[in-house]
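Colleague: Just passing along the structure, written as structure tokens.
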Amino acid sequence: MRYIRFLALGAACSAYGSYVNMVALSLFSYAVTGTALGTGLFMALRLSASVLGGSVAALLARRLDRKVLMMTADLTQATGLFTLLLAPDGARGYLLYGLAVVTGLCATVSSVSLRSAVPDIAGQELRVPANALLATSRSMAMVAGFASAGPVVAWLGFTGAIAIDACTFLVSAANLALLPLRIRPTAGATGADGGPDGDKAAGQGGAPERRTTRWLFSLTPLLLFMVSIRGLDAFGSSSHNVGLPVYSSELDEAHPASFISFFWATWALGNIATQRVVAYRAKRSGRALGEWAFALGTVVMSATFVLGFAGLPMPLTVAIVFLAGMADGLSEIAYTSRLQTVPDDQRTRVFGISATVESVGFGSGMVISAALMERMSPFGVVGVMHGVALAVGVVFMFFLVRIGRAARERSAAQDGATGVEDRTLAEEGKGAR
């Protein structure tokens, strides 16, 4: 866990810069291009690169040390940001779109590499508290980043905000370089069936593409269901990201930023509270969170996000948003911890697919939410979008009930067969005497 703590600090540092930059680069892209279309293209390129990053991360992790991958991703983003700052004004428009691709791709590669490497660094038995610590640091960085983005841009300008982001990536890379870790590539790992990895199997007569396809469809329905729900979760989450500025303006047209800051700060506090409780529970009991925790967290999170836009009295809204943060934290830790139980040679593929599915869900949700917001209220849009994730989460709960019932029936049948066999042997023993 000592290395995880240092990793969490480094990840929090780069995450802080990323959240500041999320605001700064969006405004900067508008200032450089002068059009909303240019800003939209920047965000679309960044999201498309994130979608591609899931597959790229899974491919690279099979060949390279994942610590090297994370360092390279940090240094590449820092280089891209400094290049943008030093470029002449006429070239910045073109470089901005290149930076969108670089940041989207590298952020996903770094995230997939880190999440898949946690069991190798902390051990399977400590993966839950490790995930909770990483999630806590990211939540705190998000609050600090969003809260300070406005003042930073106002005081230091776009140049200062972008320079801060570049420096945070350098700090993260230096932190990784100082850690005595070697997170081996996944290509030499053993598969779920104890057999060789994909490349070795291909050398024995199976095409890599065919093996990859077979591997994907050989995942348990449970895992495929969870990844799908995570994508729908991202799909629903896009709605409150789109609807929050509109809803905040309706509450207080003169100071719309006040409710946004309050909303995310309250959400983050709930998120951090759950992560700390989960980490404490995991250390005391040694028990990991399961599929039920993921399902419960998803359902409660979706329901509370909808209620957060219902125009309820402010004290009740505070409690609801805090609960949404708690449920979101529970869902994230349970999901990440469950995927980390997959054998190492498959783990980066699963996280890569998950990152792709989440990016596609969030991106498509942003487009649909924006279109619906022209015709519906924020409450209606958030209700529809999060309602999809909520409904599928309930279906997943019924699925878990069926799996549990089937497992109990198999166990009872096996116990019954064992009892009959024991009685038969006893009778044969009596007959022989």
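The values are calculated or read from the model by the stated rules, or taken from the named source; none is laboratory data. Predicted, not measured: the structure shown is a model, and the values here were computed from it. Neighbour counts are summed over all protein chains in view; Cβ atoms, including those assigned to glycine, are modelled from backbone coordinates with ideal geometry. Side chains are part of the model used for accessible areas, which takes the heavy atoms of the whole protein and leaves out ligands, DNA and RNA. Shrake-Rupley method; radii C 1.70, N 1.55, O 1.52, S 1.80 Å.
Colleague: Over segment 262-307, with the other protein chains present, what is the accessible area per residue in square angstrom, probe 1.4 angstrom?
Modeller: 43
Colleague: Now for a separate question. For T159, project a label point 7 Å along Cα to C-beta. Then give me every residue of segment 94-123 with its amide nitrogen under 19 Å of that point.
Modeller: Only 94-96 fall inside the zone, counting backbone N under 19 Å.
Colleague: If I model a spin label at R63 and L312 as a point 7 Å from the Cα along the Cα→Cβ vector, what separation in nanometres do I get?
Modeller: 5.2
Colleague: Using a 1.4 angstrom probe on the protein heavy atoms only, line up W267, W155, W292 by accessible area, largest first.
Modeller: Per-residue accessible area, sorted high to low, gives W155, W292, W267.
Colleague: On to the next question. Please calculate how many Å² of accessible area segment 310-388 carries per residue, with a 1.4 Å probe and no DNA, RNA or ligand atoms counted.
Modeller: For segment 310-388, the per-residue accessible area is 36 Å².
Colleague: Something else now. Classify segment 85-136 as rounded, prolate or oblate, taking a ≥ b ≥ c as the square roots of the eigenvalues of its Cα gyration tensor: rounded when a/c is under 1.5, otherwise prolate if a/b is larger than b/c and oblate if not.
Modeller: prolate
Colleague: Further, regarding this structure: I want to check the label-to-label distance for V388 and N241. Put each point 7 Å from Cα in the C-beta direction and report it in nm to one decimal.
Modeller: 1.5
Colleague: Leaving out ligands, DNA and RNA, what percent of the accessible area of segment 63-107 is carbon and sulfur, probe 1.4 Å?
Modeller: Looking at segment 63-107 in its full context, I get 73 percent from C and S.
Colleague: Let me ask something additional. Grab the beta carbon distance between L251 and A44, set R0 = 45 Å, and tell me the FRET efficiency rounded to 0.05.
Modeller: Rounded to the nearest 0.05, the efficiency is 0.95.
Colleague: Arrange the residues F225, F322, F294, F259 by how much accessible surface each exposes, largest first, with a 1.4 angstrom probe.
Modeller: So, going from the largest accessible area down, we get F322, F225, F259, F294.
Colleague: Quick one: 3J(HN,Hα) in Hz for segment 346-351, Karplus 6.51/-1.76/1.60 with θ = phi - 60°, rounded, Gly and Pro as x.
Modeller: 9, 5, 5, 5, 4, 5
Colleague: Output the relative contact order of segment 57-188, whole-number percent, from Cα pairs under 8 angstrom with separation of 6+ residues.
Modeller: Computed value for segment 57-188: 51 percent relative contact order.
Colleague: Ignoring ligands, DNA and RNA, please state the percent of accessible area on segment 249-370 from carbon and sulfur, probe 1.4 Å.
Modeller: 70
Colleague: Largest first, how would M70, M326 line up by accessible area (1.4 Å probe)?
Modeller: From most accessible down to least: M326, M70.
Colleague: A further question follows. Keeping all protein chains in position, work out how much accessible area H240 exposes to a 1.4 Å probe, and write it in Å² to the nearest 10.
Modeller: Using a 1.4 Å probe on the heavy atoms, I get roughly 10 Å².
Colleague: Next question. Between A319 and R287, what's the calculated FRET efficiency when r is the beta-carbon distance and R0 is 22 Å? Round to 0.05.
Modeller: 0.20
Colleague: Given the whole protein assembly as supplied and a 1.4 Å probe, what does the accessible area of T103 come to in Å², nearest 10?
Modeller: Looks like 10 Å² after rounding.
Colleague: With θ set to phi - 60°, apply the Karplus curve 6.51 cos²θ - 1.76 cosθ + 1.60 along segment 304-319 and write out the HN-Hα couplings as whole Hz, x wherever there is a Gly or Pro.
Modeller: Each residue of segment 304-319 in turn: 6, 5, 4, 5, x, 9, 8, x, 6, x, 4, x, 5, 4, 4, 5 Hz.
Colleague: With every protein chain left in place, what is the accessible area of V350 in Å² (1.4 Å probe, nearest 10)?
Modeller: 10
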